[in-house]
Amino acid sequence: MALAYRSDVLRDVRDALRGFGRTPGFTAAATLALGVAIGSAAAIFSLVDGLWLRPPGAARPQELVRVFQTSPASSEGNWSWPEYEALRDRTTSLAGLAAMGRRGAVMPGPDGSPELLLANVVSLDFFTVMDVVPAAGRLFSPLDERALAAEPAVVLGHAFWLRRFGGDVSIVGRPITLGVDPGTPVTVVGVLPKTFREIDPAADRDLWMPVTTWAALNGREEFDQRTDRWFHLIGRLESTGTNASATDEVRAVAAALAAEWPATNTDRSARLQPDVAYRLETGGSNIAALMGLVLAVVLITCVNIAHLLFARAAARRREMALRTAIGASRGRLIRLLLVEAGTLGALGAGAGLLTGAWLVRALPWFLATPPGFRSSEVFLIDGRVLIFSLGVAVVTTMLFGLAPAIQAARANVSGLLKGGAGRTGAPRLDRRIGHGLMVGQIGVSLALVYGAAVLAQSARAIERTDLGFSRDPIVTAWIPYGDAPMSIVQEAVDRVAALRGVGDVAIAIRAPLSLSGSGLAQPVGVPGSLVSHATAPPDVRYGAVSANYFDVMGTPIVRGRAFTEAESRGGEPVAVVTQAFVERFFPDVDPIGRLVQLRGVDHRVVGVAADASLNRIGQAAEPYFYLPYWRQRHGEGTLLIRPDGPTAPAAADLRAALGGFDRRLDARLVVSMPQYIAFASSDYRTTAALAATLSAIGLFLMTVGIYGVLTYQTSRRAREIGIRVAVGAARVEVMRLVLADGLRLTAAGLLLGIPLALLTGRGLSSLLYGVGPWSWPTLLAASVVLVAAVLGATWVPAWRATRVSPMTALRDS
């Protein structure tokens, strides 16, 4: 019986394919619409998966957990190395706990110029905890501690291995040089597999090195400071452990550290979160917004295909009646039509995967690359995307195939066999169904267009927002000068200032928005402020800058003054604080002349600067302060060069002036501030661009669908139109008749779409900046676009209706 059923289904599939071959227009239109919808869904899921959902290429990823330090200022804080060691040694509910910190390294490029690489500094047990198998060589482990202390080593990221060494496995065991003049040789011990890129899905690193290698390159100071918190912690639960028990344990260790080290750990606790939950939370609103927009496109497509199937079924009523008359049951007819819908869905799925593969290759075009670095995002049509796409195809097929199949199986046998198709009431039912589908299309399309419009407004608002510094084409040059004397650094600044086209040069540790995680932080004590002295001093981020920094960057001093050149180099320690700093520590007093304690040293506040976007545009202003740059060595500096005229100095000239003077001062990264600003606002622009693309696809599908519906329904009313023309109706009246139908449906669609659009705006509110979720002018503009699209789709059927010949219509009806 099962074989007979299978044979019947295969026969239905063959019949469906033959039927589709006889109607190439229908088949092409339906396959194209399905291909666009399924391909869009596949591409967006690949984007979402690559940025947020894809688990790390480690064994049993469901066991991985993130461990965050919590404080009054943050619930996702990092840890210092001593704090990590305490957690690692005192926890038993975790099978392992690894640390990872993001840093940069310099390696001589193929042409000899220094190349800036992305590096991860990890604990020796990192790859053991992650349970990663190398693609070549081996990965270090705690057993290598003594050997690695004597011979620094690194592991290469897979993409970097392919890019720099062409996938040559012989690089394993050979040394490479990190740093310049003369640099430090480090041995390559292994290469990571392609499936493992980073603990965050969208990231990738060139080099992975143990802390012993980083210490050999840069010293151990960063690992000794309890307040130098730059390590992310990721652990693996014991087979018998639970999230709750592990959370209780790490909180107990954090409480013990607060008791042992009150000066640095008071008010600090810990939080544990499963890695899967962390990635979902990180994607959050972006995942919901992008998948919601794709869902709208899929729904519009389902409506289009459903109506095409309704029209096809209406043309086959006599066939269905004949099948019923010779004994076919209603269930048999429904199965036949569902098999046809499934076959059509399979054709659409194939077209969708081809379209999706093309769109996935185009995804990097939407995403900004960090200035000065190579793009690290990799988007694939892999097994996860394939399963999602096939799931969309199955659900879509069910949505557009079931109702037409049931309707077509309800054929009026006697009426149809007598030739009374026009008197069975089916056309009127078809018309109601078609009108209902059109109303739904228009409503969903309005929500889609409105969502794209408010996201575009948000992207424009972020480009016009006050950054707290100038948008002028200032050029930045990052110099990790290490142990070079400060007098040499000052001479390098003077050499750059003397270049043609340079107006002024300032120096800071790092430039705003320069991918530095908001910069460094220090515990700050403020005598006389409202901060309780019973707690540890809060960590506040800061920058060290030259006296002319505020003039060069265009950061306003809103109260007091900037520090002077004399104060930059000696005398009483001074500081300039921001407005957010004042609001937190001096809310009701004049801060000028007040003292702040930094590592036990009193600094007098001489000025208040405007709040500036430090790490990300649109983030809430946080307390921040500036110290004079030249009063201590920082090991690195960023030159901020204001051009003297419209043309900025070339990067080659800057590198020649710096590296030609002293190789230790060779600029590793030369980037303009507009490039940093563009990257910092790229999330808003990317979301808006993707939404606009999906909106355009949805609007196109809606327009084509409405055109098809009205064309079909106008052809069904040919007899009526012919009679009207025969009794004297003018062609303009016929056109008005069809256009009036379109406008009535548009009005109904707008009534449905307005609440849908407002709900869409509300759902996107967390992704908006400077724009409210409910904007009536935007809604009006979106409605105008919809009305124009519907009128465009209605005009051609209306024009064709005026060309109906009364004699032909009455003879053929």
Exercise for the section: Taking residue 506 as the residue in question, decide whether it is in a strand (DSSP E or B) and either within 23 Å of residue 643 (Cβ to Cβ) or at pLDDT below 90 (or both). Expected result: yes
Exercise for the section: Determine which member of the set 134, 193, 182 is open to solvent by 50 Å² or more (accessible area, probe 1.4 Å) and over 25 Å from residue 85 (Cα atoms). Expected result: 182
Exercise for the section: Assess whether residue 148 counts as being touching a residue at least 60 places away in the same chain (Cβ under 8 Å), more than 31 Å from the chain's Cα centre (by Cα) and part of a helix (DSSP H, G or I). Expected result: yes
Completion exercise
Every listed condition ((1) more than 20 Å from residue 235 (Cα to Cα); (2) over 30 Å from the mean Cα position of the chain (by Cα)) holds for residue 142 save (1)
Completion exercise
Taking segment 619-636 and the residues there that are among the small types (Gly, Ala, Ser) and out of contact with any helix residue (DSSP H, G or I) (no Cβ under 6 Å at 6 or more places or on another chain), the one that is least open to solvent (accessible area, probe 1.4 Å) would be 635
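Have a look at 159, 105, 99, 119 and point out the one that is surrounded by fewer than 21 Cβ atoms within 10 Å (Cβ to Cβ), among the small types (Gly, Ala, Ser) and either in contact with a strand residue (DSSP E or B) (Cβ under 9 Å, 6 or more places away or on another chain) or in contact (Cβ under 8 Å) with a residue 60 or more places away in the chain (or both).
Just one listed residue meets the conditions, 159.
Open to solvent by 30 Å² or more (accessible area, probe 1.4 Å), of a type in the set (Val, Ile, Thr) and at pLDDT 85 or above: which single residue out of 462, 433, 488 fits that description?
The conditions single out 488.
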Problem - Unmet requirement for residue 177, which otherwise passes all of (1) touching a residue at least 40 places away in the same chain (Cβ under 8 Å); (2) under 18 Å from residue 197 (Cα atoms); (3) open to solvent by 10 Å² or more (accessible area, probe 1.4 Å) - result: (2)
Practice task
Any chance you could count how many residues in segment 156-175 are among the β-branched types (Val, Ile, Thr) and in contact with a Leu (Cβ under 8 Å, 6 or more places away or on another chain)?
Solution key: 1
Problem - Output for segment 525-570, where each listed residue is assigned to a strand (DSSP E or B), within 27 Å of residue 466 (Cβ to Cβ) and at pLDDT below 85 - result: 539
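Could you tell me whether residue 199 is part of a strand (DSSP E or B) and touching a residue at least 40 places away in the same chain (Cβ under 8 Å)?
no
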Exercise for the section: Would you confirm whether any residue within segment 53-61 is closer than 30 Å to residue 696 by Cα and buried (at least 19 other Cβ atoms within 10 Å of the Cβ)? Expected result: yes
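Considering only residues that are assigned to a helix (DSSP H, G or I) and closer than 25 Å to residue 55 by Cα, which ones fall in segment 224-249?
243, 244, 245, 246, 247
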Practice task
Look through segment 77-96, keep the residues that are small (Gly, Ala, Ser) and over 20 Å from residue 148 (Cβ atoms), and return whichever of them is most open to solvent (accessible area, probe 1.4 Å).
Solution key: 95
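The rows are residues; the columns are (1) in contact with a Phe, Trp or Tyr (Cβ under 7 Å, 6 or more places away or on another chain); (2) at pLDDT 85 or above.
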{"position": "582", "(1), (2)": "no, yes"}
{"position": "587", "(1), (2)": "no, yes"}
{"position": "597", "(1), (2)": "no, yes"}
{"position": "608", "(1), (2)": "no, yes"}
{"position": "615", "(1), (2)": "no, no"}
{"position": "624", "(1), (2)": "yes, yes"}
{"position": "629", "(1), (2)": "no, yes"}
{"position": "639", "(1), (2)": "no, yes"}
Problem - Single match in 133, 155 (criterion: farther than 22 Å from residue 520 by Cβ, out of contact with any Gly (no Cβ under 7 Å at 6 or more places or on another chain) and not in a helix (DSSP H, G or I)) - result: 133
Practice task
Taking residue 272 as the residue in question, decide whether it is assigned to a strand (DSSP E or B), closer than 17 Å to residue 86 by Cα, touching a residue at least 12 places away in the same chain (Cβ under 8 Å) and not basic (Lys, Arg).
Solution key: yes
Practice task
Answer yes or no: is there a residue in segment 252-267 that is assigned to a helix (DSSP H, G or I), surrounded by 14 or more Cβ atoms within 10 Å (Cβ to Cβ) and among the aromatic types (Phe, Trp, Tyr).
Solution key: no
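The values are calculated or read from the model by the stated rules, or taken from the named source; none is laboratory data. The structure displayed is predicted, hence computed values, not measured ones. Positions of Cβ are backbone-derived with ideal geometry, glycine not excepted, and every protein chain shown enters the neighbour counts. Each accessible area value is taken on the protein alone, full model and side chains, heavy atoms only, with ligands, DNA and RNA left out. Shrake-Rupley method; radii C 1.70, N 1.55, O 1.52, S 1.80 Å.
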